[in-house]
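Novice: Take this structure, written in C-alpha cells, and hold onto it; I'll ask about it next.
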Amino acid sequence: MTKQEKIKTNEATKATEAGVLPTMPTRAIHEIPLARLDLSVMNPRQNVEDAEIAALADSIRTVGLMQNLMGVLMEDSRVAIVAGGRRLRALKAIAAEDGQDEAEVLVPVLVTDDEAEAQVWASTENTARLALNPADEIRAYGRMVETGASVETIAKAFAVSVRHVTGRLRLAGLAPVILEALRAGEITLDVAAAYTVTGDVAAQEATFTRLQEGYGGDNPAQIKRMLMQEAVSAESSLARFVGRAAFEDAGGAIREDLFGADIWFCDLELVRGLAEAKLSKAKAALEAEGWAWVSAQIEPIPYEVLAEYRRTYPEQRDISEDEHLRYEELGELIEAEVCNEDGQAEFVALEAKLNEEHFTATQKAHAGVMVAIAWDGTLDLRQGLVRPEDQAAAAEAGVIEESRHAKAAKPATPYPTSVMDDLAAIRTGCIQAALIRKPELALDLLTFALSTPCYADAMPLQIGGKAARNTPEKADEGMALPDRLAPKEYRMPLNGSEASDAFTAFRAQSKKARNAMLTEQITRLFAADLALDRPTPLVEQIANLAEADIRSIWTPTKDFLARLKSDQLDGIMAEIIGTEIAPAFAKSPKKDKVEKLHKMFTEETARAGLSKEAKARLDAWLPDGMTVRGD
C-alpha cells in the first residue's frame, strides 16, 4: 500500500469513528481497524472450534497474517467479513490476549460495496481452497527443520498439531521415489507410512520397486512384513512372551510405523535369547518343585508328541478333621442365615482349601512337565506327563490308572453326535461371519497356511478343499449367517475355453470386488471345531482376532432345544436363573420345557421377572464347546 493510500485509509478510519460514512475506493485493499470488522452472515464458516482458532492465532503470531481478509462495506460504516472469518476470530483473540485496543490494530481487507460480488467472494474463497499435497507438506516441514525450526514452531506456522508435524517428519525420511509416488497420487498416505517401519532408504526403495512390479504394493501389512523380515512383530507370541520392557532393557531397538499401530522388535536373535532365558528360569522353578524331568522349548508342543505320554492328574488337598467339622458347622449357619461376615469369610477360605488341587510328591517323582510358549504369549505348562519308559513304574506306584486315563482321554460328549456336528458347523459359520469382516486377517491366515507346514488337525484352513460346512444339517431358525456366507448352489466345473473366458471376466472386475471375493473364499475354507477338552489353538486365536460373537449370529431356539434331553433342559434353566429350578418346571413335559426356554431366548416379554443378572446369563448362554476360548 502506498503512502497516499494509507493516508486515505486513515482519513476514512477517522471519518468512520466520527460516525461519517467513509469515502474509500471499493474493490481495493485497505487497512481497517479491527474494531470496525464483523463476521458477515454470508461467511460460510459460522461455527469454528475454539482449538482451531487458537492454532491459527499461534500461526499468525509466528509468521504473520499471510493473506488479507475480504469484506463488504455496510451502511453503518462497518465492514462485514465474507471471507477470512477464522483469521478475523484469531486476530481478535490475539488482541484480547495481548490487551491491544482493536481500534489501533489495522487489518488488510479487500473491500467492496456490492453485496452480489461479496457473495461470490464468500463462496469462491471457501470452496476453491486446495489442500496442500501430503508430499509437498512433508517436504515443506523437512526444509523448515533443516533451517533450524523446531517441531513446535512448524506446528504453529501451519496451524496444525505437534503430533501431526511429528508424523509428517517421519515420512520426510522416505526414499524420494516413494514421496514422488505419493505426490503423484499413485499411492496413499497409509501405504507411504508403511515404509516408515525402517529408516533404511535403500531397503525402502528396493521394496517399493519390487512391489510396484508385482502383488501387494498397496497392502501396508505386506510392505511391513517385507521390510521387517529380520524383526519380530510385537503382536507375535514370542515378543509378547519376552515383553517390550525386557527387550529394551537388554538393548533391543524398537521400530514403530508412522501411527504406532505396528511395533517391531528389531533383533530376532536377541528376542529368542531372552525367550530362552525366561523359559530356563521357569524350567528351574519347576525342577525345584520336585518333578522327575522338565523340558522347555520356544515352539508350541506338537499334538503327536503329547500323544506319546500318559497323564497323571492333580488330587484334592486333604484338610484336617477339625477343619471338616468347622466347614460343616459354618455351612449350617449360612443355611440358617445366622452366620456373620467373619464366619462367611472363613467358610469361603475353607471351601477354597477343600477344592484346591495339587500334585503329590509321588506323582512328581514319576512324571514331568513340558514348558512352551502359547499362541497368546503366555507360558504353556503341560504338567503330569509320564514318559513311555516311565509308565510301568508309574502304574506300579499308582500314579496312573487305566480307567482314569481312559476317561480323561475320551470324555463323554455332552450331546449326540449329530448335534455335536451341527453345533460345530454353527460355530464355524459364526466365526466365519467375523472373519469375513477382517480381510487382512483372512489374507494373513491364507499366507500362513500356504507357507507353514502344519498337521491337519492344527490348521483350520484346508487349501484346495471344499468349503467348510457352516450351517446345521437340521434346519435351525436361530442361525442368521451373512448373505455372503450363505450356501452356494453347485456349479459344474469349467472346461478349458470356459475357464479362460471366466478368468478374463474375473480380471475385468474392480480390484475391490476381486479382493472381496478373495476374502470370501478364504473365509469359506475356514473350519472350526467345538472347544471342548482339547480346542484347536489356531481356531481360538483366529476367533479372538476376528472378534467373533457367537450369539450375534446364532440364538438357541426350539430347533436346537428339542434335540436335548429333559435333564439337559433343566440344566440350562438352572444356569440362567442361578438357583435350583422350580419343581413345576422340572416335572413338566419336555415339549413344555422346550417352549418355555425358546420364548425366553427369543421373546422379550417372556423374560419378565428375571433379574438383570439372569437376563445377562440368558443373553450369553451357549452350549458346551461353543464359547470362544479367551472370551
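The values are calculated or read from the model by the stated rules, or taken from the named source; none is laboratory data. Not measured: the values here are computed from a predicted model. Neighbour counts are summed over all protein chains in view; Cβ atoms, including those assigned to glycine, are modelled from backbone coordinates with ideal geometry. Areas reflect the complete protein model, heavy atoms only, side chains present, ligands, DNA and RNA absent. Shrake-Rupley method; radii C 1.70, N 1.55, O 1.52, S 1.80 Å.
Novice: Which of the trypsin sites (Lys or Arg not before Pro) found in the range 273-328 are in a DSSP loop and have at most 15 neighbouring Cβ atoms, other than their own, within 10 Å? Intermediate values should be presented prior to the final figure.
Specialist: Details: sites: LYS278, LYS281, LYS283, ARG310, ARG311, ARG317, ARG326; in loops: ARG317.
Qualifying residues, ordered by number: ARG317.
Novice: List the aspartates and glutamates whose Cα lies under 14 Å from the Cα of LYS615, skipping any in the same chain that are fewer than 8 positions away.
Specialist: GLU575, GLU603, GLU604
Novice: Determine which aspartates and glutamates satisfy two conditions relative to LYS590: a Cα distance under 12 Å, and not lying fewer than 8 residues away in the same chain.
Specialist: Partners within reach: ASP567, ASP570.
Novice: OK, next. In debye to the nearest 20, how big a dipole does the chain give about its Cα centre with +1 on each Lys and Arg Cβ and -1 on each Asp and Glu Cβ?
Specialist: Numbers: 72 positive and 101 negative charges, 469 e Å.
For this selection, approximately 2260 debye.
Novice: Report VAL160's accessible area, 1.4 Å probe, all protein chains in place, as a number in Å² to the nearest 10.
Specialist: So the heavy atoms of VAL160 present about 50 Å² to solvent.
Novice: On average, how much accessible surface per residue is there in the chain, in Å², for a 1.4 Å probe, leaving out ligands, DNA and RNA?
Specialist: Values: 35270 Å² over 631 residues.
Ligands and nucleic acids excluded, the result is 56 Å² per residue.
Novice: Still on this structure, please answer the following. Given R₀ = 51 Å, FRET efficiency for SER510-GLU75 by Cβ-Cβ distance, to 0.05?
Specialist: Details: r = 58 Å, r/R0 = 1.13.
Efficiency, rounded to the nearest 0.05: 0.35.
Novice: Roughly speaking, what is the centre-to-centre gap between the range 230-304 and the range 321-394 when only Cα atoms are used, to the nearest Å?
Specialist: The distance from the Cα centre of the range 230-304 to that of the range 321-394 comes to 30 Å.
Novice: Here is a further query. Which trypsin sites (Lys or Arg not before Pro) in the range 519-571 sit in a loop by DSSP (not H, G, I, E or B) and have at most 12 other Cβ atoms within 10 Å of their own Cβ? Let's see the in-between values first.
Specialist: Values: sites: ARG524, ARG551, LYS558, ARG563, LYS565; in loops: ARG563, LYS565.
Hits after loop and neighbour filter: LYS565.
Novice: Of PRO487, ASN544, SER500, which is farthest on the positive side of the dipole of the range 478-549, counting Cα position, with +1 on Lys and Arg Cβ, -1 on Asp and Glu Cβ, and the Cα centre as origin?
Specialist: SER500
Novice: Further question on the same structure: Counting only DSSP beta bridges with both residues in the chain, tell me the antiparallel percent, nearest 5. Could the numbers behind the result be given before it?
Specialist: Values: 27 of 38 bridges.
Antiparallel: roughly 70 percent of the beta bridges in the chain.
Novice: Would you rank MET600, MET226 by solvent-accessible area, highest first, keeping every protein chain in place and using a 1.4 Å probe?
Specialist: On the way: MET600 10, MET226 35 Å².
Solvent-accessible surface, decreasing: MET226, MET600.
Novice: Let me ask another. Taking the Cα atoms only, what angle lies between the long axis of helix 201-212 and the longest principal axis of the chain, rounded to 10 degrees?
Specialist: 80 degrees
Novice: For PHE503, what accessible surface area do you get with a 1.4 Å probe? Give it in Å², rounded to 10.
Specialist: Answer for PHE503: close to 120 Å² accessible.
Novice: What nm value, rounded to one decimal, do you get for the distance between ALA103 and LYS599 when each label is placed 7 Å out toward the C-beta?
Specialist: So the two model labels end up 8.2 nm from each other.
Novice: Cα axis of helix 341-355 to longest principal axis of the chain: angle in degrees, 0 to 90, nearest 10?
Specialist: 60 degrees
Novice: In whole angstrom, note down how far apart the Cα centers of the range 131-192 and the range 467-539 are.
Specialist: Spelled out, the Cα-based centre of one part sits 43 Å from the other.
Novice: Quick one: which residues, 5+ away or cross-chain, put their amide H under 5 Å from the amide H of ALA83? H built at 1.01 Å from N.
Specialist: Under 5 Å from the amide H of ALA83 lie the amide H atoms of MET70, each far enough along the sequence or on another chain.
Novice: What is the helix-to-structure angle for 3-17, meaning the angle in degrees between its Cα long axis and the longest Cα principal axis of the chain, kept from 0 to 90 and rounded to the nearest 10?
Specialist: Once rounded, the angle reads 80 degrees.
Novice: Which entry in (1) 63, 28, 20; (2) 46, 28, 22; (3) 67, 34, 31 is this structure's computed semi-axes √(5λ) of the Cα gyration tensor in Å?
Specialist: (3)
Novice: Select from SER280, THR555, ALA367 the residue farthest towards the positive end of the dipole of the chain; place +1 on Cβ of Lys and Arg, -1 on Cβ of Asp and Glu, and compute about the Cα centre.
Specialist: THR555
Novice: Given the whole protein assembly as supplied and a 1.4 Å probe, what does the accessible area of ASP322 come to in Å², nearest 10?
Specialist: 110 Å²
Novice: Then there is this: Report, to the nearest whole %, how much of the accessible area of the chain belongs to carbon and sulfur atoms, 1.4 Å probe, protein only.
Specialist: 52 percent
Novice: What's the magnitude of the charge dipole for the range 440-549 around its Cα centre, counting Lys and Arg as +1 and Asp and Glu as -1 at the beta-carbon? Answer in Debye, nearest 20.
Specialist: Numbers: 12 positive and 16 negative charges, 111 e Å.
Here the range 440-549 has a charge dipole of around 540 debye.
Novice: Would you list TYR313, TYR195, TYR455, TYR303 from the most to the least accessible area, probe 1.4 Å? It would help to have the intermediate numbers written out before the result.
Specialist: Details: TYR313 60, TYR195 0, TYR455 140, TYR303 115 Å².
Reading off the accessible areas and sorting them downward yields TYR455, TYR303, TYR313, TYR195.
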